[in-house]
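Okay, so here's the structure we're looking at.
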Amino acid sequence: MVPSDSKIQFDHQGRLRHFLTINGLPKETLVQILDTAESFISFGQREIRKVPLLRGKTVVNLFFEPSTRTRTTFEIAAKRLSADVINLSAARMSTSKGESILDTARTLEAMHTDLFVVRDSASGASHLIASHLPEHVRVINAGDGRHAHPTQAMLDMFTIRREKGGFEGLKVAIIGDVLHSRVARSQIHALSTLGVDEIRLIGPRTLIPTEVEAMGVNVTSNMAEGLSGIDVVMMLRLQRERMDGQLVPSEQEYFNRYGLTDDKLSYANPDAIVMHPGPINRGLEIASSVADGDRSVILSQVTNGIAVRMSIMAKLMGGQEDP
Amino acid sequence: MTKILIRGARVVDPANSFDSVADVAIDDSMIVEVGETPQGFKADLTIDADKLLLLPGIIDLCARLREPGEEQKATIASETTAAATAGITGLVCPPDTWPVVDTPAMANMIRDRADASGQSHVYPLGALTVGLKGEKLTDMAMLSDAGCVGVSNGLKAVSNTLVMRRAMQYASTYEIPVFLTPQDPWLLGNGVVHEGKVSTRLGLPAIPEAAETVGVARDLALIETSGARAHVNLISCGRSVTMLGEAQSHNLPVSASVAIHQLLLCEDDIGAFDTRYKVFPPLRTAIDREALIEGVRTGTVSVICSDHQPHGADAKLAPFSEAAAGIAGVDTLLALTLSLTTNKQLPLSTAVAALTCNPARIIGVDRGHLSIGAIADLCLVDPTEEWTLSEKSMQSRGQNSPFMGKQLFGKTKMTMIEGKVIYQDAARFPA
C-alpha cells in the first residue's frame, strides 16, 4: 500500500510528478534516479556542461529557510539542464502575519513557473504547496521542518552506491540528533527501500524519536556496540540550540559520547565510509581528523548532489532518457 | 398558551430510565404527560412522530461561538441557529473569547445576544483567572450571578499550582463548577500531534501523553484537597480515563467529557499533514480511542461534546504546525454519537444521557430530561435517515470538518425549546 504521505507524488498514470518524500517510492524509481545521476556525473568535467532537457522552463528556488549548499547545488543543477532559475530567499513570518506560504507560491505560479524547489522550517510545507497548485506545476522538497529532505538522502544513496557498489548486505549507522533531523528520516526510508541489511540509530534517548523502531531500525545509545560491523557511518548535525532545550547537557559530554573520533571509528569495519550532510560542527559531532580523513566522503556528497538533483529534476519534468 | 401533542415517537429519556413508544403532551413550555394522552387534553398542534426518536434537547458542553472577537468566523446567531438545526438546545461556551469573559458585563452581553437570536440557549463559562493569565482570580461569585454556569481557564494552563488551588477553593465556596482541561504547559511545548509513530514519521512537534496525565494527576490532587466540584473537559488519553475512574471510585466530585471526534478518529487519520484532523488535545492512538469509548460506556466519562470550533477557510490552509486546531462540530454531534450506538459500541441510553441529562447535571440546570413538569426542550430525530455532510448541508459558519463528504445516519427533524418549535424539517413537517 502506498503510504498516505506519498500518494500526492504521483499523477493519474502513476508517474512521479513531485519529489516530496522517499517514503512510499518504489525501489525502481530510486534506482532509476541513481542511474540517471550516474550519467550526469561526468558532466562536471566536460567543457560544455549543459544539456537542454529543461530549456525554456522556469525553476524557482523558494527558500524560506537559509541554506547555502542545497540552494546552490539546486541552482547549478537547474542551470546545467538549461532551465531559467530564480532564487527567492524569503524570511517567512509564521501564521497570520505577512503573506501566507501558499499565497507566495500561488503568486509565483501566476508568473508561469514550472518547478518549485521548496525549503521551509515547517514539516509538510512542500506537501501543502504541491496539493494546492495547478496540475502542471512540479514541486521538489528541499527540506521541510523535521519531516523530509529527500534529495539529500538520494545524494547520500548515490555516494554509498559509488563507494560500496550497492546496498545489499550493508550495515548503516545514523548517529546523533535523529529527533530533529529531516535528513535522517529520508535516509531511513531510502536505505530500507534500497534493501540494506540493517539500519542502526545511535544517540541519547532525548534525541531519538518515539516509536522510531516502526520505521524498521534498531536503536542503541552505545557507540562501540552501534558501530560494530558497520559499513557506512552517517553523521547528523547537532544544532547548538539543543543544549538550551536540555536535550544534551553540554558540547563536551556530547562529543565525549557521540563525537566521531578515530578511536570510535575503529569499532566500525575497516573500510567503513564516513558521511555528513553538512554543515559540519567540528569538535561537536565529528573530529576534524575524521571529517578530513581518508574515509570521509563528505566532499563527494556535495559534488554528487548536483548530478542527483539534475536527475530528479529531469525525471519530474518528463525527460527520463539518458542525455 | 399552546398545547402540543407529539404522537407515536420512541421516547428515550435516560434520566428517567424511560425508553418506549409514547405520546408526549406539552402545555405552554412544560411537559405535562409522557405515555397516554391526558383526558381532556385539547392539542392546538398535533405532531405525528411515527418512527422518530424523541430525545431531550442536547446540551453541548463545549462549543465556541466566536463572538465576541472573531465574528469573521462565526457569530452567536449563526452558531445557535446551526445548533438548533442539529437538535442542540443548549450550548456551553468557554470564556476564551476576545475580550475574555472575566466580568459579569461580558457574561450578560453574551446571554443578551443569545436571547436576541432566539435559538439554542447559551450558557457561558466565566474565566477562572483574569484574562486567563493564570495569575489573579476573577469575581467568580458575581460571574455566577450573571449566569455563568461554571468557571474555566479555557485551554490555557494555570501553571502556578497555588493559584489553581486557591481558584478551586474559592469556586467551591459558592459551589461553582470548575471546568478543567489539564495540560502540563512544559510538556505541551509547541507540540501539535500525539507523540508516537505519526509524529515520528511526519517530523511534527509532539505532545506526549504525559502532558495530559501530569495535568490530570495534579488537578485531581487539588480537587481532593480543595473540595471543588470539577469537570475535566476534553480528555484524550486512555490513561486519563483510568485516573478519573479511580478518583470517582473514591467519591471525588469530578466528572469528565470527551469530544466526539476523539471517539471516532485517531492519530493515523492525519495521513499526510491533513490539517482538518488537527485538534487540541490531539488525536491519540487507536488504543486511546477504544479506552475513551469504554470510559463513556462505563460512565467514567459521562459527557460527549462537540468541541465546536468554527474557522474560516484559510485557517487550515497552512503547514500543519501553523494551521488552526479544531473542528466545527455542532452539525454532526448527534449523528456521530448515534453511529456509536448502531455499531453497538454504546447503548442508546448511555449515548443519549451523555448528550442530555449528564451535561445538564454538570452545569446545574434542570433540563436534559423529559419528566412530567420538565421544561419542554426536546428534539425529534429520524435515526435511520442517511445524509451527507457537505458545504451546503452544513449549517455552522465554519466549514472545517474532517467528516465533510461522509455518509451519516440520523437527522434532526424538529427542535423545541421551552415548548416552542425553533426548527423543523420542512420535508417531514410541511407547513
Consider only pairs whose beta carbons are under 6 Å apart and that are at least six residues apart or on different chains; among these, list those whose first residue lies in the stretch B:16-36 and is at pLDDT 95 or above and whose second residue is of a type in the set (Phe, Trp, Tyr). B:ALA25/B:PHE41
Quick one: A:ASP271 ticks every box in (1) among the charged types (D, E, K, R); (2) closer than 30 Å to B:HIS194 by Cα; (3) part of a loop (DSSP other than H, G, I, E, B) except a single one, so which number is it? (2)
Take the residues in the stretch A:154-172 that are touching a residue at least 60 places away in the same chain (Cβ under 8 Å) and of a type in the set (Asp, Glu), then tell me which one is farthest from A:ILE202 (Cα to Cα). A:GLU163
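Name the single residue, out of those in the stretch A:152-194 being charged (D, E, K, R) and either touching a Leu at 6+ places or on another chain (Cβ under 6 Å) or more than 14 Å from chain B (Cβ to nearest Cβ) (or both), that is surrounded by the fewest Cβ atoms within 10 Å (Cβ to Cβ). Give the steps one after another, and end with the answer.
Going residue by residue through the stretch A:152-194, those that are charged (D, E, K, R) are A:156, A:161-164, A:168, A:171, A:177, A:182, A:185.
Remaining after also requiring either touching a Leu at 6+ places or on another chain (Cβ under 6 Å) or more than 14 Å from chain B (Cβ to nearest Cβ) (or both): A:156, A:161-164, A:168, A:171, A:177.
Working: A:ASP156: 27, A:ARG161: 19, A:ARG162: 16, A:GLU163: 16, A:LYS164: 18, A:GLU168: 10, A:LYS171: 19, A:ASP177: 24.
The selected residue is A:GLU168.
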Are there any pairs, at least 6 apart or on different chains, whose C-beta atoms fall under 9 Å, with the first in the stretch B:412-431 and under 18 Å from B:LEU333 (Cα atoms) and the second modelled with pLDDT of 95 or more and aromatic (Phe, Trp, Tyr), and if so, which? B:THR412/B:TYR423; B:LYS413/B:TYR423; B:MET414/B:TYR423; B:THR415/B:TYR423; B:MET416/B:TYR423
Give me the residue from the stretch A:216-268 that is polar (S, T, N, Q) and in a loop (DSSP other than H, G, I, E, B) and, out of that set, most open to solvent (accessible area, probe 1.4 Å). A:GLN246
When you check A:ARG182 against the structure, is it in the same structural domain as A:GLU109 (by TED's automatic domain parsing) and either more than 17 Å from the chain's Cα centre (by Cα) or under 18 Å from A:LEU25 (Cα atoms) (or both), yes or no? no
Exactly one of (1) touching a residue at least 60 places away in the same chain (Cβ under 8 Å); (2) within 9 Å of another protein chain (Cβ to nearest Cβ) is unmet by A:ARG146. Its number? (1)
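Where in the stretch B:177-235 are there helices (runs of 4 or more DSSP H), lying fully within it, with 2 or more residues that are surrounded by fewer than 24 Cβ atoms within 10 Å (Cβ to Cβ) and more than 10 Å from every other protein chain (Cβ to nearest Cβ)? Can you show your working first?
On the way: elements: B:185-188, B:197-202, B:209-226.
Qualifying helices (runs of 4 or more DSSP H): B:185-188, B:209-226.
Which of the following residues is touching a strand residue (DSSP E or B) at 6+ places or on another chain (Cβ under 8 Å) and of a type in the set (S, T, N, Q): B:SER240, B:SER226?
On the way: B:SER226 fails: touching a strand residue (DSSP E or B) at 6+ places or on another chain (Cβ under 8 Å).
Unique residue meeting the criteria: B:SER240.
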Given A:GLU65, A:GLU38, which one is among the acidic types (Asp, Glu), within 14 Å of chain B (Cβ to nearest Cβ) and either within 16 Å of A:MET317 (Cα to Cα) or touching a residue at least 40 places away in the same chain (Cβ under 8 Å) (or both)? A:GLU65
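Filter the stretch A:4-23 down to the residues that are within 14 Å of chain B (Cβ to nearest Cβ) and open to solvent by 30 Å² or more (accessible area, probe 1.4 Å), then identify the one that is modelled with the lowest pLDDT.
Of the stretch A:4-23, the ones within 14 Å of chain B (Cβ to nearest Cβ) are A:4-10, A:18, A:20-23.
Keeping just the survivors that are open to solvent by 30 Å² or more (accessible area, probe 1.4 Å) gives A:4, A:7-8, A:10.
Values: A:SER4: 71, A:LYS7: 87, A:ILE8: 91, A:PHE10: 93.
Ranking the candidates gives A:SER4 first.
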Count, please, the residues in the stretch A:81-103 that happen to be within 12 Å of chain B (Cβ to nearest Cβ) and at pLDDT 95 or above. 0
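Determine whether B:ASP23 is among the acidic types (Asp, Glu) and either open to solvent by 30 Å² or more (accessible area, probe 1.4 Å) or within 30 Å of B:ALA313 (Cα to Cα) (or both).
no
Within the group A:ARG55, A:ARG71, A:ARG106, which residue is within 14 Å of another protein chain (Cβ to nearest Cβ) and either surrounded by 17 or more Cβ atoms within 10 Å (Cβ to Cβ) or over 22 Å from the mean Cα position of the chain (by Cα) (or both)?
Numbers: A:ARG55 fails: within 14 Å of another protein chain (Cβ to nearest Cβ); A:ARG71 fails: within 14 Å of another protein chain (Cβ to nearest Cβ).
Testing whether each residue is within 14 Å of another protein chain (Cβ to nearest Cβ) and either surrounded by 17 or more Cβ atoms within 10 Å (Cβ to Cβ) or over 22 Å from the mean Cα position of the chain (by Cα) (or both) leaves just A:ARG106.
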Which numbered condition A:GLU135 misses (of (1) under 16 Å from A:ILE8 (Cα atoms); (2) within 14 Å of another protein chain (Cβ to nearest Cβ)): (2)
Determine which member of the set B:LEU333, B:LEU370, B:LEU380, B:LEU355 is of a type in the set (A, V, I, L, M), closer than 26 Å to B:GLN424 by Cα and in the same structural domain as B:GLU33 (by TED's automatic domain parsing). B:LEU380
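The values are calculated or read from the model by the stated rules, or taken from the named source; none is laboratory data. If you're wondering where the values come from, they're calculated on a predicted model, not measured in any experiment. For neighbour counting, all protein chains shown are included, and Cβ atoms are generated from backbone atoms with ideal geometry for every residue, glycine included. These area figures cover heavy atoms from the full protein model, side chains too; ligands, DNA and RNA do not enter into them. Shrake-Rupley method; radii C 1.70, N 1.55, O 1.52, S 1.80 Å.
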